[in-house]
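Read through the structure below, which is laid out as C-alpha cells, and then see the notes.
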Amino acid sequence: MSKLRLFLGLIILIFAAGCQRVDQQDNEYETGGATDTGKLKVVATTTIVGDVVSEIGGDLIDLTVLLPVGTDPHGFDPTPQDVAKLADADVIFANGLGLEEFLDSMIESAGVENKVVYVSDGIDLLRSEEHHDEDEGEEHHHEHNHGGIDPHTWFSPLNVMVWIHNIAYALSDVDPDSAQAYAHNEEVYEAELVELDTWIREQVAQIPEDNRNLVTDHSLFTYFADEYSFTQVGALIPGYSTVSEPTAQELAQIEDAIEDLNVKAVFVGYTVNPVLGERVADDTGTELVFVYTGALSETDGAAATYLHYMRYNTTAFVNALR
Ligand SMILES: [Zn+2]
C-alpha cells in the first residue's frame, strides 16, 4: 500500500515537473550543471574540435575551448583552472587517440570520465606507412604512441562526418529537447563537408602523381594521404607527436628520402619550432612551407574555421607541389 502511494506520488511529481518545464523552458534544465540561460555547458579540447562542435551546438550550447589558438595540442600544459572547467561541464568533447597527451590525468583529477565524448570514435584508424614495426616495439611504452595509430583524424573531411555524428548524438543525449536542432545542424554541416571533399579532389588533381609526396614536421597527414592519394614520405620528428626529437641518423634518413624522391617541399606547422624544418630545407634545397596543423588561426586569420583551415592547407600543397 505504501509502495503504491509512493509510486503515485512520484507520478504526480514527474507530471508537475513536466508542466513547470513548459513554462520555464529557457531556465529550467533537468540535466543539472546548466548555465542560468539554460544552455548546456560544453568543453572542447582543441580549437579544431571546438569549431566543429560549435557548428552542431550553435546557440544552444555555451562552449568553452580549452586550448588557446596557436597552441600545439601535444605539448599543452593545463592549469588548475582548466581542470575546473572540465569539472563544471555537462559534456566534454576530445579528439582522443592520445592526441591530447595531457587529457587522461586531467579527466582523472576532475572526475569526469562519464562526461567525455571522443569525437573520433568509430573512424577507421590508420597508421602512417613510414612508421616501421621496429619503431613500434621500441615505443610501445610511450603513452602518446598508442600502437602506431595516427590520431590526426580530421585531415579527412569524411572522418569529420563521423565526428559530427558523434557530437550530435552526444548533445541530443544530454539535451533531448533540442535533438531536432542538432540533427538539422549536422545535416547542414555535412553538406559543407561534402563540398569541401569535392573541392579538395579538384585541387589536388593539379598535382602530378609523382609529386604527391608529403614531408612534414611530425606524421599527421595519414588520413589526408590515404583519401587523396599522397605518400607521407616521412617526418622530421618521427612519430605522431611533436613532443620528441629526431636523432642525427633519423634526420639523415629523411634528407636522403627527400633527395631520392625529389620531394619539392617540407611542410611545417605554424605552432611548431621551425628551426628543424629550416635546416632540412636548407640541406636539401627544398622549399619550406608553413601550414596549419594542430590549431586554427585567430578569428581574423586565414584558418579561423575547420573549413578554411583545410582549404588553406590544400592550397599550400597545390602551390608547392604542382
Ligand atoms: Zn600533431
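Read-outs throughout are calculated quantities, based only on the coordinates presented, and are distinct from any laboratory measurement. Please read these numbers as outputs of a predicted model, since none were measured by experiment.
Length gain on complete extension for the stretch Leu288 to Glu245, per 0.36 nm per residue less the alpha carbon to alpha carbon distance? Intermediate results must be reported in sequence, preceding the final value.
Numbers: separation 43, 0.36 × 43 = 15.48 nm, distance 1.89 nm.
Result: 13.6 nm gained on full extension.
Going by a ≥ b ≥ c, the root eigenvalues of the Cα gyration tensor, does the stretch 194-269 fall in the rounded group (a/c under 1.5), the prolate group (a/b larger than b/c) or the oblate group? Write out the running numbers ahead of the final one.
Details: a/c = 3.17, a/b = 1.63, b/c = 1.94.
Here the stretch 194-269 falls in the oblate category.
Quick one: compute the contact order of the stretch 32-194, relative version, from alpha carbon pairs under 8 angstrom and 6+ residues apart, as a percent.
Over the stretch 32-194, the number comes to 23 percent.
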